[in-house]
Structures are given as structure tokens and as C-alpha cells.
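Engineer: The structure that follows is given in the form of C-alpha cells.
The values are calculated or read from the model by the stated rules, or taken from the named source; none is laboratory data. Since the structure is predicted, the reported quantities are computational estimates derived from the model, not experimental observations. Neighbour counts are summed over all protein chains in view; Cβ atoms, including those assigned to glycine, are modelled from backbone coordinates with ideal geometry.
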Amino acid sequence: MKLHATCKMTVSASSDCPVVAMLRPRSGEAQWMVQECYELDPWVATTEYVDDFGNLCQRMKIPKGEMRIEVDMVMVTDEVIAVDVDALATPVEQLPFDVLKYLLQSRYCPSDKMGDKAQAIVGDAASGYAQVEAIRAWIHASLEYKYGVSSGSTDALDTLNDGAGVCRDFSHVGISLCRALRIPARFVVGYLHRLDPMDMHAWFEAFVGGRWYTFDGTQDQPRGGRIVVAYGRDAADVAFLSNYGPLEMGEMEVTVEEVLPGSQVDVAPPS
């Protein structure tokens, strides 16, 4: 399916503030970039690089005052995500080198402390996709989606204790429980068509059967229509703005709409 997504925000700096932004998706096996516009007002010199996880990062210095940042894109992505209930766990010794890092505990995913919980949740499910699906289903049924419970320091254990959180927290729990079972899992941030309420979204992927599969504890069934912006070990790796000085977020607006066959989308910057 073809999706038109926009993300518009304002930020304010009390003095010049170095920033690394992560707002541009990349073309790849799961999606294809058709059109894109990335606008900064006021415009500042910006350099771009690819980080260790393959994400596009933009490095700039936000000047004192207010800046408007707008990203407008048209992407082709899968309408239905892949599902394989028979996919078995990939033995650790057979994992690709670039996947091994997603077995380790990380800042928000203390998987080394969650082995007993993981085993209790998956029960006698077959090792692999079935275990991850059992984890996803447990998260959806057992955790309450609720704003204001978590903060920037909340990790997966905190979320389990609170019994509530938002998409970021649900993903950290899923990742931690998977890694506790020696299943590589990674954090994904991006856009989801028909998300309600609409916002930037987070989910997780698990590596089983020799490939990555998508899981989302906030949803009651597999859903496609996803645009991936960035991958990481947890939320610390995929912040859409990492500021190295005082910076205040203003308004932020996200839209995701399907582009029907024969329709045209104008992603040119506003006049």
C-alpha cells in the first residue's frame, strides 16, 4: 500500500543547541521511498550520516529562538505484515553477526532479570515465533495503555510493576522478555496507518526463522501499514531529536493517510 505521512513540530532553544535528528525513513526490503520533503525554518546547515543501526541521522545546530521542522513523505509499504506461527527460534550460533547485539540487555530492557517471567508467560509454546506471539498477546491483555504512568527513565521492569504504559513501554517489555529467551529483539519507531490517537508509534521486531517479524503489543491482531523510521536496541537509540543543550518541544502533529490508486500527492514545501 502507498502511504502519505507527515510530521510537523516546533522547538525552542534559549541558546544555540546542537541536535541529532532521526526523522527520515529509508528505502529497504520492507518499504520504498517514493517522495520526500524535509524542511527546516529557519534553514541551517545540516549534515547526514548513517548510524550503527542503519538509521539516517541529521546533525545540525538549532539557533536561539523557535524552529519549525516538517517531514513529508510518500512510502510504499506492506499492507499485511508477515506471520509464520511455525517459525522456530534461530540457534544463537547461527545468528548473523549484526543480529547478536539484539540479544544483550540494554538501558530500558533489563532482560537478564526477566527470565522467570518470560518462561511463565510462554509456557509450553514452541521455541520461536509462537513464544513471541504469546508474549505479544500477554502484553496486550495484561498491560493497560495509559498516558502519564511512565517517564523517560521507565524501563521494562518498571512497566511490569506499574501494569501500564504507552507503546514505548509495551515494546520494551516485549523486547526484554524475548531476549530473556535468547530470541533477538529490536525496538522500532515510525508511523502506523489508522493509529488512534495518531502520533509517532513504537513496536518491536523479533528474529526467528532466520528473519525479522513485526509484533505490536498495543494492537489486538497483526497490522500492516507501517513506515519504519529507525531501529535500535531500545528507545535510547532511536530518539527523533537528541539535544545537547536546552531545548523545549512545542506543538507536534502527525498524519498518516492512504494514497489511493490514481491519486497524486504534493510533498513540495509550502509557499
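Engineer: Got a sec? Which of 218, 214 is in contact with a Cys (Cβ under 8 Å, 6 or more places away or on another chain), at pLDDT 95 or above and surrounded by 15 or more Cβ atoms within 10 Å (Cβ to Cβ)? Spell out the reasoning first.
Structural biologist: Numbers: 214 fails: in contact with a Cys (Cβ under 8 Å, 6 or more places away or on another chain).
Only one candidate qualifies: 218.
Engineer: Regarding the range 167-184, can at least one residue be identified that is over 23 Å from residue 123 (Cα atoms) and not charged (D, E, K, R)?
Structural biologist: Among the residues of the range 167-184, at least one is over 23 Å from residue 123 (Cα atoms) and not charged (D, E, K, R), which makes the answer yes.
Engineer: Mind counting the residues in the range 112-141 that are at positive phi and touching a residue at least 24 places away in the same chain (Cβ under 8 Å)?
Structural biologist: Here is the first cut: in the range 112-141, the residues at positive phi are 123, 128.
From what's left, touching a residue at least 24 places away in the same chain (Cβ under 8 Å): 128.
Residues in the range 112-141 being at positive phi and touching a residue at least 24 places away in the same chain (Cβ under 8 Å): 1 in total.
Engineer: Condition test on residue 205, is it assigned to a strand (DSSP E or B), surrounded by fewer than 17 Cβ atoms within 10 Å (Cβ to Cβ) and modelled with pLDDT of 95 or more?
Structural biologist: no
Engineer: Which one of these does residue 124 not meet: (1) within 30 Å of residue 158 (Cβ to Cβ); (2) surrounded by 14 or more Cβ atoms within 10 Å (Cβ to Cβ); (3) over 23 Å from the mean Cα position of the chain (by Cα)?
Structural biologist: It is condition (2) that residue 124 fails.
Engineer: Residues in the range 77-89 that are within 10 Å of residue 129 (Cα to Cα) and of a type outside the set (Asp, Glu): how many?
Structural biologist: Of the residues in the range 77-89, the ones within 10 Å of residue 129 (Cα to Cα) are 83-89.
Within this subset, residues satisfying the condition of being of a type outside the set (Asp, Glu) are 83, 85, 87-89.
Residues flagged as within 10 Å of residue 129 (Cα to Cα) and of a type outside the set (Asp, Glu) within the range 77-89 amount to 5.
Engineer: Would the range 143-165 turn up any residue that is more than 23 Å from residue 251 (Cα to Cα), of a type in the set (Phe, Trp, Tyr) and not assigned by TED's automatic domain parsing to the domain that holds residue 22?
Structural biologist: The initial filter retains those residues of the range 143-165 that are more than 23 Å from residue 251 (Cα to Cα), namely 143-144, 154-164.
From what is left, the residues that are of a type in the set (Phe, Trp, Tyr) are none.
Scanning the range 143-165, I find no residue that is more than 23 Å from residue 251 (Cα to Cα), of a type in the set (Phe, Trp, Tyr) and not assigned by TED's automatic domain parsing to the domain that holds residue 22, so the answer is no.
Engineer: Kindly establish whether residue 105 is more than 18 Å from the chain's Cα centre (by Cα), polar (S, T, N, Q) and not assigned by TED's automatic domain parsing to the domain that holds residue 22.
Structural biologist: Values: more than 18 Å from the chain's Cα centre (by Cα): no; polar (S, T, N, Q): yes; not assigned by TED's automatic domain parsing to the domain that holds residue 22: yes.
For residue 105, the condition - more than 18 Å from the chain's Cα centre (by Cα), polar (S, T, N, Q) and not assigned by TED's automatic domain parsing to the domain that holds residue 22 - is not met.
Engineer: Residues of the range 242-271 being assigned to a strand (DSSP E or B), within 23 Å of residue 27 (Cβ to Cβ) and not polar (S, T, N, Q), which ones?
Structural biologist: Across the range 242-271, the qualifying residues are 254, 256, 257, 258.
Engineer: Moving on. Right, residue 36: within 20 Å of the chain's Cα centre (by Cα) and at pLDDT below 95 or not?
Structural biologist: On the way: within 20 Å of the chain's Cα centre (by Cα): yes; at pLDDT below 95: no.
Here the answer is no, as residue 36 does not meet what is asked.
Engineer: Going by what's in this entry, would residue 191 be described as within 10 Å of the chain's Cα centre (by Cα), outside the structural domain of residue 63 (by TED's automatic domain parsing) and touching a residue at least 24 places away in the same chain (Cβ under 8 Å)?
Structural biologist: In short, yes.
Engineer: Still on this structure, I have one more. Take the residues in the range 191-202 that are of a type outside the set (A, V, I, L, M) and buried (at least 22 other Cβ atoms within 10 Å of the Cβ), then tell me which one is nearest to residue 132 (Cα to Cα).
Structural biologist: 201
Engineer: Which is surrounded by fewer than 14 Cβ atoms within 10 Å (Cβ to Cβ) and out of contact with any Gly (no Cβ under 7 Å at 6 or more places or on another chain), of 44, 80, 20?
Structural biologist: None of the other options fit; the residue is 44.
Engineer: Can you pull out every residue in the range 142-155 that is of a type in the set (S, T, N, Q), touching a helix residue (DSSP H, G or I) at 6+ places or on another chain (Cβ under 7 Å) and either surrounded by fewer than 18 Cβ atoms within 10 Å (Cβ to Cβ) or in contact (Cβ under 8 Å) with a residue 40 or more places away in the chain (or both)?
Structural biologist: Scanning the range 142-155 gives a single hit, 154.
Engineer: For residue 38, are the conditions met, namely being assigned to a strand (DSSP E or B), on the phi < 0 side of the Ramachandran plot, of a type outside the set (A, V, I, L, M, F, W, C) and surrounded by 12 or more Cβ atoms within 10 Å (Cβ to Cβ)?
Structural biologist: So residue 38 fits the description; yes.
Engineer: Quick check on the range 80-106: of everything there that is assigned to a helix (DSSP H, G or I) and either touching a strand residue (DSSP E or B) at 6+ places or on another chain (Cβ under 6 Å) or of a type in the set (D, E, K, R) (or both), which residue is farthest from residue 223 (Cα to Cα)?
Structural biologist: 93
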